[in-house]
Structures are given as structure tokens and as C-alpha cells.
Amino acid sequence: MAQIDFPAEIRALRAKYESIEAVSDIESIRTEIAELSEQAGEPNLWDDPSAAQQITSRLSHRQSALERLESLTSRIDDLEVLVELAQDEDDDDSRAESVKELTSLGRALDELEVVTLLAGEWDEREAVVSIRSGAGGVDAADFAEMLLRMYLRWAERRGYPTQVLDTSYAEEAGLKSATFEVKAPYAFGTLSVEAGTHRLVRISPFDNQGRRQTSFAAVEVIPLIEQTDSIEIPDNEIRVDVFRSSGPGGQSVNTTDSAVRLTHIPTGIVVSMQNEKSQIQNRAAALRVLQSRLLLVKKQEEDAERKAHAGDVKASWGDQMRSYVLNPYQMVKDLRTEHEEGNPSAVFDGELDDFIDAGIRWRANNRNAEDGSP
């Protein structure tokens, strides 16, 4: 503890906080809070429940962001006082508490710094995540189910509400596909770095000969559509099919044809929903996800056109973005950021923050390189 240069460490914390504060623009946050508070105080606010929910949710998020920023600067001030007390009183307990708080503040500022990197057009949006099993047969279907649990556990750890919209079960075990919403601000910006092909290497529990099996699953992340987005889809561009919802093993869990499949004829995009109780609810959920996907396709086409004019730019994402190896050794490794963890069980239980933070920083560095920024 005596080797720690507390004054230098505290100066470094203040410098990092000031850079975060400059990017965050506290005054604009305060202005937005005032405007949202005024809207939330309108007597007819809940005449439109959907709009009211958006206003109150946004207000809560901005208040939390301001509180987080203001609390950090107070904590740095308190740390400085604690360090002075430890030195003046020659108090080992205060020194130990100073070291603990220094570490905690460093971690909190790192997390907040990552949030400031979420500056994409839709990064503040809630997210719709789809998982599809790929090559690998029943192992791939089982892997898809493992990934679904992993992301739901990650959201649970963070206190993010989720809603599973659709699950298509494989015949023997696992999932063919699953779609769920993460209802939290910046969910899209945060989880979009998880999009890509995931690979699992393990001794297959479905192989009687105990052979090692490699299987794949794809993760897609799209921003959730909002009422203000102008994505109109003519009825003649959508084919609607209804079918009976089913559970694991093909067993019926619904005696009516309540599940809905929407096909966007011009693009071939297909969205299925079956987890709501009525056909009307499933159709509304499917249409919302279809609109979100078309919004993202439009954005990607615009980005591709801009990049074409800028010359040859390497693709940002490879086909395989992360490997989960359970045999012959234990390792989860991101192939873009080189970040790795030696405890796959913890990762599958939702401990993804370090991978996601590394991915966000990696993406920001790539964007800066493409833009010619330092």
C-alpha cells in the first residue's frame, strides 16, 4: 500500500472523469431531464400508454446517467479526504479502505468510459436478439440454447428486463432459433458487438463414442423499432402464415393456430412469433421485429454505399467472432479483440461484461481508423 502514489492516482481519476464529462455533456442531460419531467407531469400523459412509457423510461435513464456522473466526482473528492486522513492519522484501516475505493473508482470510470463510446445512430435503443443454430446438428441446436441462456443470464445480472418472443425447438434437443427483446437503454449499442458466428468445441454429449464435436450458432442483434421511425411496409409486400405453437420435442402447447410467420417478399426476410397467447399479439410482435430488421438493412445499405465511395475498406467482422472451447482445454476467446477467459462455465452463466467492453473498444478503434481519427 505504501508503494501507491495516491496523489498521482487521484489526478489520473480526475483527468479520466473530466474527459468522460466532456463527452457526456452534463448540461444537455440536465436540460433533457427538465423537458422530460415537464412532459411526465402532463395530466393526460397516460392517455397514450406507449408514449408515456417511452417518456418515463427515458426520464429514468437520463436521471440515472446524471446521478452516476455526479456521484463519481463526489466519490473522488471523498477518496482524497480519506487518503489525507490515513496519512494524518497513520491509520492502516483508512489506507486499506483507500486502496479498495481507488480500485472501485477505477473500475466504475472504465465502465462509464465504455458507455461514452456508444455513439452510433441507434446505440441508445433497446435490442432484439436472434440466435440460430448452424452447422453441427444436434450439438449446434444445444449450443444455440446455451447461448440463449447465457444472454438472458447476462441481462438478469444487469437488471435488464427481457421478453422471449419466439422459440423454435429442435427435434432431439436444443433450439433451431430463438428471438428475445432486451428492454434497456443502450441495449443495442452494447449487445451489437455480440453479433456474428459463435463456435463451440467440446466432447459431444450426444455422441455415444465420445468424440469431439465442433458446432456453430449465429447471433443477430437489431435495434428495436420506435413509433417515430418511418418504416411503412405495404400489405402486398408481406405474406402472412399462421400455424400452431409448439414446445420441446414438437409437443403442442397451444390448441389454436396462434403462431404467426411474416415473410417480407422483396427481401425474403422471415420473422416468426409464437410465444404470445393470441395471433394478434404474435402478429404485432412479428411486425415490430420485421420493421426493425428492415430499418437495419436500410442503414447497412447506406453505410455500404458510403464505404464504396471511400474505396476498399476491410470488413469489420469475420465469420467467426468467438470460440468456446471445452475440450481439450477450457477457454473462451474473442477472435477480434483477443480477449479470453479460462472459465467457460462462468461465461455461459452470463459473465460477459469483459468481452462486451473489449468489443465496444475494438469497434470504436476501428471506426476511428476508418474515419482517420486519432
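The values are calculated or read from the model by the stated rules, or taken from the named source; none is laboratory data. Everything numeric here is computed off the predicted structure, so don't read it as measured data. Positions of Cβ are generated from backbone atoms using ideal geometry, with glycine treated the same way; all protein chains shown enter the neighbour counts. Only protein heavy atoms, including side chains, enter the accessible area calculation; ligands, DNA and RNA are left aside. Shrake-Rupley method; radii C 1.70, N 1.55, O 1.52, S 1.80 Å.
Here are a few things to note about the model shown:
- As a fraction of the 1.4 Å probe accessible area of segment 45-163, surface on carbon and sulfur atoms comes out at 45 percent.
- Total charge dipole magnitude, segment 79-161, about the Cα centre, Cβ charges on Lys, Arg, Asp, Glu only, Debye to nearest 20: 980 debye
- Computed Rg/Rh of segment 1-127, alpha carbon atoms with Kirkwood Rh: 1.13
- Extreme residue, positive dipole direction of the chain, given options 343, 117, 262 (C-beta unit charges): 262
- Hydrodynamic radius (Kirkwood) for the chain, which is based on Cα pairs only, to one decimal in Å: 23.6 Å
- Estimated dipole of the chain in Debye, rounded to 20 [Cβ of Lys and Arg +1, of Asp and Glu -1, Cα centre]: 2140 debye
- Computed over segment 56-109, the convex hull of the alpha-carbon atoms projects to a mean area of 3.9 nm².
- For the pair residue 96 and residue 47, label points projected 7 Å from Cα toward Cβ lie 6.2 nm apart.
- Extension gain, residue 238 to residue 3, is 77.9 nm, computed as 0.36 nm per intervening residue step minus the present C-alpha separation.
- 18 Å reach of a label modelled at residue 88, 7 Å along Cα-to-Cβ, counting backbone N of segment 3-26: 6-7
- When the alpha-carbon atoms of segment 114-185 are used, the pair Rg, Dmax equals 14.0, 44 angstrom.
- With both labels modelled 7 Å from their Cα along Cα-to-Cβ, the residue 231 to residue 18 distance reads 4.3 nm.
- Residue by residue, segment 187-202 carries 3J(HN,Hα) couplings of 5, 5, x, 6, 7, 4, 6, 8, 5, x, 9, 9, 10, 10, 10, 6 Hz when phi is fed to the Karplus relation 6.51 cos²θ - 1.76 cosθ + 1.60 (θ = phi - 60°); x denotes Gly or Pro.
- In nm, spacing of pseudo-spin labels at residue 104 and residue 320 (7 Å Cα→C-beta vector): 4.2 nm
- Each residue of segment 55-213 gets 156 Å³ once the volume of the Cα convex hull is shared out per residue.
- The simple Förster model, with R0 at 56 Å and r as the Cβ-Cβ distance, assigns residue 73 and residue 208 a FRET efficiency of 0.35.
- The residues of the chain expose on average 54 square angstrom of accessible surface per residue, using a 1.4 Å probe on protein heavy atoms.
- When the Cα gyration tensor is reduced to axis lengths a ≥ b ≥ c, the ratio a/c is 1.5 or higher for segment 162-228, and with a/b above b/c it is classed as prolate.
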